[in-house]
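The values are calculated or read from the model by the stated rules, or taken from the named source; none is laboratory data. Note that the coordinates shown come from a computational prediction; the quantities given were computed from them, not determined experimentally. When we count neighbours, we look across all protein chains shown, and the Cβ atoms used for this are built from the backbone with ideal geometry, even at glycine.
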Amino acid sequence: MTAPTTIATTGGDTTRSAPPSGWTARLGWLERWTQSALLVGLVALASWTLVYQVALFADLQVPVTATAALALTATLSFVVVRTFWKGSPTERMRPESRWQLVAAAVVAVLAIGAGLLGHQAIAISLFACGSAAWAALAIAARYRVRLVGPQHRSAEPVLWVTGWLWALACGALSALTAKPDGDDAYFVNLAQWVSDRGDFPRRDTMLSDEVLPAITGHDPPIHSIEGLFGAIGYLTGQSGAAITYVVAAPVLTVAAVLALTWLVSVCRIPFSAFALSAAVLYLLTSGGSGASFGNFFAPRMWQGKSVLATLVLPLVTAVAIEFLRRGGWRRGLALGLAVVAAVGASNTAVFLLPVLLGGVVLAALLLGQWRRAAAVVAVLAYPLVCGVIMALLATPGADPTVAGETGAAADPSAFLNPITAVPGAKGLMVATYLAVCLGWLGMRSLAARAVVVSTTLATSLILLPPVTHFLTQAGGVGPVLWRMWWVVPVPLLVGALTGVAAGLVHGRARALVAASTALVVGLMPLVGGRWIGPNENGARWSAPTAWKVPVGAEASARMALRVSRPGDVLLAPWDTTRVVADMSVDVHPVSARSFYLHEYESLPGSLVADRRDLQSFADGRTEADHEKLRQQLDRLSVDTACVRASRAPAVAALEAVGFHAVAAAGTLVCFRRSV
């Protein structure tokens with residue numbers, strides 16, 4: 001008979017656990033195959049990213065790139081996936097001393113009080129102090145994790161069934177929800193270029209045919225996910241935009257919930273199904289802050305930054321915990337691939353990963369895992385090299401103080417406050433602060449605690465005002481510095497509060513307390529907030545096959561494209577031109593998003609002032625002088641112009657400068673230049 005696994009932890013109990021049996025064993029396949037699918041997807045994104053980055057500079061076409069990526073995916077999946085099938089040790093730790101619980105609760109109360117009084121910087125300082133105190137205790141206790149004997153899986157069928165139910169529900173929400181976002185004008189346009197042309201652009205394709213540089217922070221565009229969507233479209237005969245909006249959004253939402261399920265399982269949270277439910281409810285109810293985790297979940301899951309925040313980073317954390325707990329070069333390879341996949345999802349990962357991996361290194365040192373710490377340091381080289389490449393190859397002339405996807409001018413007062421943007425206010429803030437201060441107590445895995453507390457410490461130090469001020473002024477990441485919150489797995493910590501509450505009672509009451517806590521903390525963000533779906537939060541219900549664009553914009557964009565010719569420059573209201581950029585790379589808008597024009601202010605020939613004036617005219621914010629309008633249309637070689645039919649002065653102005661009406665749809669009328 002096979003001996004059970006023995007796990008020894010100094011600073012924790014030695015635990016013996018029996019192999020699963022009965023219906024638990026019969027449903028073990030669900031956990032195993034779901035984790036395998038997540039790992040294969042992670043390996044696939046990492047493999048695609050590596051090959052795509054080569055193709056970007058070697059000018060490889062989509063078929064060659066896709067073939068190489070598939071071959072690499074198959075090879076690496078064979079190496080990595082079965083390693084995670086071989087078992088997962090169970091850790092049972094001694095209950096915390098009462099003073100430790102009280103100390104954490106006091107920190108939580110003080111942090112919440114500071115936040116409610118508007119002193120969020122004090123709350124961040126308390127997060128740092130609390131995390132540092134735990135790290136000091138870990139060093140004093142000299143924690144070690146040692147596995148003895150064969151391993152077996154600890155199947156959690158209730159958790160994984162719950163995970164699939166939530167995943168399918170959230171996937172349906174994503175498919176049936178439209179929450180338009182202005183960034184799509186640039187990033188969906190990249191996917192559309194790849195699906196149309198079959199190659200991977202290094203420069204701008206929204207306003208030009210690779211004449212202008214890519215926007216700052218995406219030059220070169222080392223993030224590969226838009227290229228992946230476009231390649232799928234190219235190989236299947238679909239548009240890149242259709243793959244992005246219709247296929248990717250619900251599929252990635254399902255994957256995000258399953259990734260969170262795996263992370264809950266890895267952290268050994270008691271009453272894990274309730275913990276997962278609390279975490280998902282937190283995501284669904286956190287619409288009160290535009291920068292919350294929930295607003296980068298189901299309603300916007302097609303965007304690379306959403307994939308990074310709610311899918312890939314949780315997977316990086318889960319794989320990191322497994323690597324620290326169990327070691328092995330294959331798990332180390334899996335961690336490296338997860339890091340590559342994170343960069344593939346969004347260039348934001350280039351400055352988030354050093355903080356996350358720095359926390360993992362600290363966790364490894366706290367656990368006495370020196371070699372594993374060294375391995376994580378080696379993995380850190382990839383995002384650092386990517387950052388150096390971006391700095392060296394960025395086109396001179398773009399404003400160096402602008403970073404990220406917003407393209408906003410580098411006025412710090414215009415940036416989202418990095419301390420308050422994600423946790424928001426009222427119920428959302430209280431739930432977030434409770435989770436950060438107390439959630440780690442609900443984890444029955446020492447490795448998970450070490451990783452979560454260490455990454456919280458690293459993030460808190462970065463978010464302290466002196467550091468954020470320095471990074472804004474010197475690092476050029478001011479517009480997106482608030483994304484540092486993504487390093488901390490806040491939804492997981494919200495779920496872990498159920499384990500904390502259950503640990504305070506005994507007997508059958510534990511399940512009732514866990515369920516009640518899950519409901520309370522999951523719905524707490526609704527106090528002064530709103531849920532992420534329709535008809536709130538800028539979202540609306542839509543058909544599963546509908547694009548995630550403003551109402552009526554798709555029809556008006558198709559009309560504008562129908563009357564235009566390849567190579568034309570199009571002037572139209574902003575909601576139309578942003579969708580034109582999604583649909584076509586053969587017709588270029590005068591401006592698809594005003595934020596991006598700042599990127600080209602200093603570049604000769606970009607005619608930014610003319611673009612702004614014309615866009616203001618098309619949007620109905622100003623009426624143009626006829627002669628000035630004629631000159632600006634000529635300088636930008638505008639061939640097609642569309643305005644609202646109700647704007648008689650605008651219609652007369654276009655006719656006066658040599659344009660004639662050619663089509664009308666809804667409220668829009670389009671003109672072409674008379675020959």
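Restricting to region 338-348, name every residue that is part of a helix (DSSP H, G or I) and either in contact with a Gly (Cβ under 7 Å, 6 or more places away or on another chain) or modelled with pLDDT under 95 (or both). Can you show your working first?
Looking only at region 338-348, we keep the residues that are part of a helix (DSSP H, G or I), and these are 338-345.
Hit for region 338-348 is A345, nothing else.
Answer yes or no: is there a residue in region 627-645 that is of a type outside the set (A, V, I, L, M), touching a Cys at 6+ places or on another chain (Cβ under 8 Å) and crowded, with 17+ Cβ neighbours inside 10 Å.
Within region 627-645, the subset of a type outside the set (A, V, I, L, M) is 627-628, 630-632, 634-635, 637, 639-640, 642, 644.
Right, trim to touching a Cys at 6+ places or on another chain (Cβ under 8 Å) and you get 640, 642.
Okay, now just the ones that are also crowded, with 17+ Cβ neighbours inside 10 Å, so 640, 642.
Within region 627-645 (the criterion being of a type outside the set (A, V, I, L, M), touching a Cys at 6+ places or on another chain (Cβ under 8 Å) and crowded, with 17+ Cβ neighbours inside 10 Å), the answer is yes, since at least one residue qualifies.
One residue is enough: does region 547-557 have a residue meeting the conditions under 23 Å from T253 (Cβ atoms) and of a type in the set (K, R)?
yes
Taking the conditions exactly as written (out of contact with any Lys or Arg (no Cβ under 7 Å at 6 or more places or on another chain) and surrounded by fewer than 24 Cβ atoms within 10 Å (Cβ to Cβ)), does L276 satisfy them or not? Please lay out each step first, then the result.
Numbers: out of contact with any Lys or Arg (no Cβ under 7 Å at 6 or more places or on another chain): yes; surrounded by fewer than 24 Cβ atoms within 10 Å (Cβ to Cβ): no.
Against the criterion (out of contact with any Lys or Arg (no Cβ under 7 Å at 6 or more places or on another chain) and surrounded by fewer than 24 Cβ atoms within 10 Å (Cβ to Cβ)), L276 does not qualify.
Is there a residue in region 369-382 that is assigned by TED's automatic domain parsing to the domain that holds S445 and touching a Ser or Thr at 6+ places or on another chain (Cβ under 6 Å)? Outline the logic, then answer.
So in region 369-382, the residues assigned by TED's automatic domain parsing to the domain that holds S445 come out as 369-382.
Checking the rest, the ones that are also touching a Ser or Thr at 6+ places or on another chain (Cβ under 6 Å) come to none.
There is no residue in region 369-382 that is assigned by TED's automatic domain parsing to the domain that holds S445 and touching a Ser or Thr at 6+ places or on another chain (Cβ under 6 Å).
One residue is enough: does region 316-337 have a residue meeting the conditions under 12 Å from the mean Cα position of the chain (by Cα) and crowded, with 24+ Cβ neighbours inside 10 Å? If you could, list the steps in order and put the result at the bottom.
Of the residues in region 316-337, the ones under 12 Å from the mean Cα position of the chain (by Cα) are none.
No - not one qualifying residue is present in region 316-337.
Could you say which residue among D184, D204 is over 21 Å from the mean Cα position of the chain (by Cα), outside the structural domain of A450 (by TED's automatic domain parsing) and buried (at least 24 other Cβ atoms within 10 Å of the Cβ)? Lay out the reasoning, then the answer.
On the way: D184 fails: over 21 Å from the mean Cα position of the chain (by Cα).
Sole residue among the options that is over 21 Å from the mean Cα position of the chain (by Cα), outside the structural domain of A450 (by TED's automatic domain parsing) and buried (at least 24 other Cβ atoms within 10 Å of the Cβ): D204.
State whether the residues of region 489-509 include one that is assigned by TED's automatic domain parsing to the domain that holds Y433, over 18 Å from I419 (Cα atoms) and of a type in the set (D, E, K, R).
yes
Within region 336-360, track down each residue that is more than 16 Å from Q53 (Cβ to Cβ) and free of Cβ contacts under 8 Å to residues at least 60 places away in the same chain.
The initial filter retains those residues of region 336-360 that are more than 16 Å from Q53 (Cβ to Cβ), namely 338, 348, 351-352, 354-360.
Matches in region 336-360: P354, L357.
Could you tell me which of the residues L252, L212 is in contact (Cβ under 8 Å) with a residue 12 or more places away in the chain and within 30 Å of T34 (Cβ to Cβ)?
Details: L212 fails: within 30 Å of T34 (Cβ to Cβ).
Step by step, each of L252, L212 is checked, and only L252 is in contact (Cβ under 8 Å) with a residue 12 or more places away in the chain and within 30 Å of T34 (Cβ to Cβ).
Quick test of your reading of the structure: V402 fulfils all but one of (1) in a helix (DSSP H, G or I); (2) within 23 Å of the chain's Cα centre (by Cα); (3) modelled with pLDDT under 95. Name the failing condition by number.
(1)
Could you tell me whether A474 is in contact (Cβ under 8 Å) with a residue 12 or more places away in the chain and farther than 17 Å from V266 by Cα? Write out each step before concluding.
Working: in contact (Cβ under 8 Å) with a residue 12 or more places away in the chain: no; farther than 17 Å from V266 by Cα: yes.
It is false that A474 is in contact (Cβ under 8 Å) with a residue 12 or more places away in the chain and farther than 17 Å from V266 by Cα.
Run down D586, D639 and say which single residue is touching a residue at least 24 places away in the same chain (Cβ under 8 Å), part of a loop (DSSP other than H, G, I, E, B), charged (D, E, K, R) and closer than 25 Å to N189 by Cβ. Lay out the reasoning, then the answer.
Numbers: D639 fails: part of a loop (DSSP other than H, G, I, E, B).
Answer to the check: D586.
Looking only at residues in region 460-485 that are modelled with pLDDT under 85 and assigned to a loop (DSSP other than H, G, I, E, B), which one is farthest from N347 (Cα to Cα)?
G476
Within region 230-269, which residues are of a type in the set (F, W, Y) and over 30 Å from I321 (Cα atoms)?
Going through region 230-269, the residues of a type in the set (F, W, Y) turn out to be 234, 245, 262.
Result: Y234, Y245.
Can you give me the number of residues within region 508-560 that are of a type in the set (S, T, Y), surrounded by fewer than 23 Cβ atoms within 10 Å (Cβ to Cβ) and in contact with a strand residue (DSSP E or B) (Cβ under 9 Å, 6 or more places away or on another chain)?
Initial filter on region 508-560 (of a type in the set (S, T, Y)): 516-517, 542, 545, 556.
Subset that is surrounded by fewer than 23 Cβ atoms within 10 Å (Cβ to Cβ): 516, 542, 545.
Checking which are in contact with a strand residue (DSSP E or B) (Cβ under 9 Å, 6 or more places away or on another chain) leaves us with 542.
The qualifying residues number 1.
Among the candidates S21, S36, single out the residue that is closer than 30 Å to R444 by Cα and either surrounded by fewer than 16 Cβ atoms within 10 Å (Cβ to Cβ) or at pLDDT 95 or above (or both).
On the way: S36 fails: either surrounded by fewer than 16 Cβ atoms within 10 Å (Cβ to Cβ) or at pLDDT 95 or above (or both).
After applying the criteria, what remains is S21.
Quick check: is even one residue across region 8-18 within 23 Å of R330 (Cβ to Cβ), basic (K, R) and at pLDDT below 90?
Among the residues of region 8-18, not one is within 23 Å of R330 (Cβ to Cβ), basic (K, R) and at pLDDT below 90, which makes the answer no.
Suppose the filter is in the same structural domain as A557 (by TED's automatic domain parsing), more than 18 Å from L561 (Cα to Cα), polar (S, T, N, Q) and under 43 Å from the mean Cα position of the chain (by Cα); does S637 pass it?
Answer is no for this residue.
Take the conditions in a helix (DSSP H, G or I), surrounded by fewer than 24 Cβ atoms within 10 Å (Cβ to Cβ), at pLDDT 90 or above and not assigned by TED's automatic domain parsing to the domain that holds G290 and apply them to R612. Does it pass? Give the derivation first.
Details: in a helix (DSSP H, G or I): yes; surrounded by fewer than 24 Cβ atoms within 10 Å (Cβ to Cβ): yes; at pLDDT 90 or above: yes; not assigned by TED's automatic domain parsing to the domain that holds G290: yes.
When the stated conditions are applied, R612 passes them.
Quick one: is T75 of a type in the set (S, T, Y), within 18 Å of A191 (Cα to Cα), assigned to a helix (DSSP H, G or I) and at pLDDT 95 or above?
On the way: of a type in the set (S, T, Y): yes; within 18 Å of A191 (Cα to Cα): no; assigned to a helix (DSSP H, G or I): yes; at pLDDT 95 or above: yes.
No, not satisfied.
Would you be able to tell me the number of residues in region 210-240 that are on the phi < 0 side of the Ramachandran plot, modelled with pLDDT of 90 or more and either touching a strand residue (DSSP E or B) at 6+ places or on another chain (Cβ under 9 Å) or in a loop (DSSP other than H, G, I, E, B) (or both)? Before the answer, list the steps.
Looking only at region 210-240, we keep the residues that are on the phi < 0 side of the Ramachandran plot, and these are 211-216, 218-236, 238-240.
Now narrow it down to the ones that are modelled with pLDDT of 90 or more: 221-236, 238-240.
Okay, now just the ones that are also either touching a strand residue (DSSP E or B) at 6+ places or on another chain (Cβ under 9 Å) or in a loop (DSSP other than H, G, I, E, B) (or both), so 221-224, 238-239.
Result for region 210-240: 6.
When you scan region 299-347, how many residues do you find that are among the polar types (S, T, N, Q) and over 30 Å from P534 (Cβ atoms)? Working first, answer last.
As a first pass, look at region 299-347 and keep what is among the polar types (S, T, N, Q): 303, 306, 310, 317, 346-347.
Within this subset, residues satisfying the condition of being over 30 Å from P534 (Cβ atoms) are 317, 347.
Here the count works out to 2.
Quick one: which of V494, V513, V500 is assigned to a helix (DSSP H, G or I), within 23 Å of V102 (Cβ to Cβ) and without any contact (Cβ under 8 Å) to a residue 40 or more places away in the chain? Let's see the steps before the verdict.
Numbers: V494 fails: without any contact (Cβ under 8 Å) to a residue 40 or more places away in the chain; V500 fails: without any contact (Cβ under 8 Å) to a residue 40 or more places away in the chain.
Going through V494, V513, V500 in turn, just one is assigned to a helix (DSSP H, G or I), within 23 Å of V102 (Cβ to Cβ) and without any contact (Cβ under 8 Å) to a residue 40 or more places away in the chain: V513.
Going by the conditions given, is W193 modelled with pLDDT of 90 or more, surrounded by fewer than 18 Cβ atoms within 10 Å (Cβ to Cβ) and either in a helix (DSSP H, G or I) or aromatic (F, W, Y) (or both)?
Numbers: modelled with pLDDT of 90 or more: yes; surrounded by fewer than 18 Cβ atoms within 10 Å (Cβ to Cβ): no; either in a helix (DSSP H, G or I) or aromatic (F, W, Y) (or both): yes.
No: the conditions fail for W193.
I need a count of the residues in region 615-650 that are modelled with pLDDT under 90 and touching a Phe, Trp or Tyr at 6+ places or on another chain (Cβ under 8 Å).
The total comes to 2.
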